[in-house]
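What follows is calculated from the coordinates using simple rules that are stated; it is not laboratory data. Keep in mind the model is a prediction, meaning the values are calculated, not measured. Ideal geometry is used to build each Cβ from the backbone, glycine not excepted, and the neighbour counts take in all protein chains shown.
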2 protein chains.
Amino acid sequence: MRESVLELKVDLGDRSYPILIGQGLLGSQDLTPYVAGNQVMVVSNETVAPLYLEAAKACFPGKQVDTVVLPDGEKYKDWQTLNRIFDALLERRHTRKTTLVALGGGVVGDMTGFAAACYQRGVPFIQIPTTLLSQVDSSVGGKTGINHPLGKNMIGAFHQPEAVLIDTATLQTLPPREVSAGLAEVIKYGLIRDEPFLSWLEGAITDLVGLQPEALAEAIHRSCACKAEVVALDEREGGLRAILNLGHTFGHAIETFAGYGNWLHGEAVGTGMLMAADLSVRLGLIAPADAERAGVLIGRARLPEKAPAGMTPEDFLTLMAVDKKNVDGNLRLVLLRALGDALVTSDVKSDSLQATLEAFCGASTSR
Amino acid sequence: MRESVLELKVDLGDRSYPILIGQGLLGSQDLTPYVAGNQVMVVSNETVAPLYLEAAKACFPGKQVDTVVLPDGEKYKDWQTLNRIFDALLERRHTRKTTLVALGGGVVGDMTGFAAACYQRGVPFIQIPTTLLSQVDSSVGGKTGINHPLGKNMIGAFHQPEAVLIDTATLQTLPPREVSAGLAEVIKYGLIRDEPFLSWLEGAITDLVGLQPEALAEAIHRSCACKAEVVALDEREGGLRAILNLGHTFGHAIETFAGYGNWLHGEAVGTGMLMAADLSVRLGLIAPADAERAGVLIGRARLPEKAPAGMTPEDFLTLMAVDKKNVDGNLRLVLLRALGDALVTSDVKSDSLQATLEAFCGASTSR
């Protein structure tokens, strides 16, 4: 059943673009107004393609629509897999007027966006995110890229899409673990910038975990609006945008330690946000009750609350030192000075950091 | 002996940058004003590094200067070699405030620029071109990238340097064949936009082939000024900038046929420009005497005047069809309507094109 389309504008001057949100948009929404030329290359993966590739192709009536299907998983977010997109584009003779379409989760979106940023020095692309995480996070903001064995997202570009299409119906086929991972980023927006949204989430979290459609649509809309607002204020991550990385410095260390793909990004961010909240308490920025409130919500979202088994504080320190949020060797972290109010600081006492790391290491993991 | 520095500004608004030209600048010119952070990564190759790497490092007093030395040659302009730059940056823990420096010819410049465009989604870089070709062409304009087995420069980005340092003394160690390849691009500027420069070149070509320093400095300065002017008018290659591709569509086909690196880029462009001039005559745009004049100058620059042995008109047509200057399947070519005046046109009669291809194929190559 086709419902109404909710449109949200990401305001970036001449790179502004719309986010279209609705139930059942895939296959019924005409996306040709966002395609300049005659060629479209839809990039998807082996999990998503059988479910939605035909519907996605139907969004581009009258165009030459080619497809490339990649293996599924964060461990394939590498040059070899990216190159399969370039192979397909060149074999099918796509010109610089082609449009790429990312149909899948964050990995497909990041790789397709980066392929679009680099193919013939830049072609347009459209995002059709099919996971909760990619709908509320990676499809908004223009960050694209691939991983390097020595660090996540180390190779990439800022490249804004022409449009983002979010069909909430795709979430009905999402595994529960990925729903939880997406909810981590949803909760993040409440924690960094929107206390009323955080309160709403505390009431809605059971519905969200249970995939109740109206609750999901509301959570996605408020999350995208929050991210779009932050990105519009700071497109190139000069300042404010850094608050979107709450939990990510710890989280990236967890993902790298666990091996790409063993912990989902959102799971690592969930634990990372708890670590940031814990450190915020130790630095006297928030009350213990605030961190506890965040912990309860993360737990109810069925996210892990400890670092992976076997990971030590030393592992964290080593892995965080190559994190790209470092500037000239100093550790900069996103912390909380209240629920709904984040700050970026380099003023982190090393004994407090050590205490937080120890508090989250050494336990058996919930994963 | 340190001579005076000639400074030329490439005017691109907030991405403007200077080109510094002079004899003996390497090692004596302080480039730290163009470095924002404390880290510098100098990228060079096995041929250039033994000659100039120490002098280049001396341009960055007080900075952490790391180096990476790549194998030399167009055939290494690929992802595997590019990745060695990322490896070095991550192993040496370079942050997003690092500055990359390209020390070498066009291949080093294109790869280092692309690495800078992609490393942590974009860091600044400085060009120190050491070949005539890269001094007058690839160091100006912001085009960066690598090759794909199915086409040259298919993967890349527009990324402007912070500064370009041209030390004309480096040309004294350049092999004669590379001098000629560079002169092809110098002659190009005269052909597309500057008839007085073309006349000057006809008088100076013997001095240039003989590496006479004052003639070289003048040729480099006028070439860079011409390219800087065109790039400033059309940074993203929307229109005018396409004239810089005179000879390149034919030339890319030649390079691909010959196998990357077997013909130098400038050699292929030299032959390609003669083909463009020949086709311009057949289409009634210029007089036979004009093409003849271009041919004499190309010949005196010791550039090949025929396609590679064994290459057929069909090879050209096949290889040109994936050239990125194609738009929606139509062949667009840069041609001449006078010496010093180029145009871009899709209005190319296929029998005239065929006649030009036949005229340049089938002979033994001068290479």
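Observations, loosely collected:
- For the stretch A:6-123: rounded, prolate or oblate by the Cα gyration tensor [a/c cutoff 1.5]: rounded
- Share of pairwise Cα separations in the stretch A:92-198, more than 22 Å, in percent: 37 percent
- Using a Förster distance of 56 Å, the FRET efficiency for residue B:348-residue B:6 (Cβ separation, nearest 0.05): 0.90
- For the stretch A:176-360, relative contact order (Cα pairs under 8 Å, six or more residues apart, normalised by length) works out to 28 percent.
- Identity and axial distance of the chain A residue whose Cβ lies nearest the axis relating A to B, Å: A:79, 3
- Computed from Cα positions, the angle between helix A:288-300 and the longest principal axis of chain A comes to roughly 40 degrees.
- Over the stretch A:176-360: Kirkwood hydrodynamic radius from C-alpha pairwise inverse distances, Å: 16.4 Å
- Only aspartates and glutamates eight or more places from residue A:75 in sequence, or on another chain, were considered; those with a Cα closer than 12 Å are A:255.
- Note on the stretch B:339-358 and the stretch A:162-241: Cα centroid distance 55 Å, given to the nearest whole angstrom.
- Contact order, relative form, for chain A: 14 percent (alpha carbon pairs under 8 Å, 6 or more residues apart, mean separation divided by residue count).
- Chain B shape via C-alpha gyration tensor axes, a/c threshold 1.5: prolate
- Principal-axis analysis of the Cα atoms of chain A puts helix A:176-193 at an angle of about 70° to the longest axis.
- Near the amide H of residue A:125, within less than 5 Å, lie the amide hydrogens of A:100, A:162, all on another chain or at least 5 residues away, with H placed in the peptide plane.
- Pairs from B:143/B:349; A:63/B:143; B:152/B:227; A:152/A:306; A:9/A:143; A:306/A:349 whose Cα-Cα separation, in the structure shown, is over 28 Å: B:143/B:349; A:63/B:143
- Distant-in-sequence amide contacts of residue B:46, defined by a placed amide H-H separation under 5 Å and a gap of 5 or more residues or a different chain, comprise B:70, B:72.
- Shape of the stretch B:111-169, Cα gyration tensor, a/c cut at 1.5: oblate
- Against chain B, whose longest principal axis is taken from its Cα atoms, helix B:195-209 shows a tilt of about 70°.
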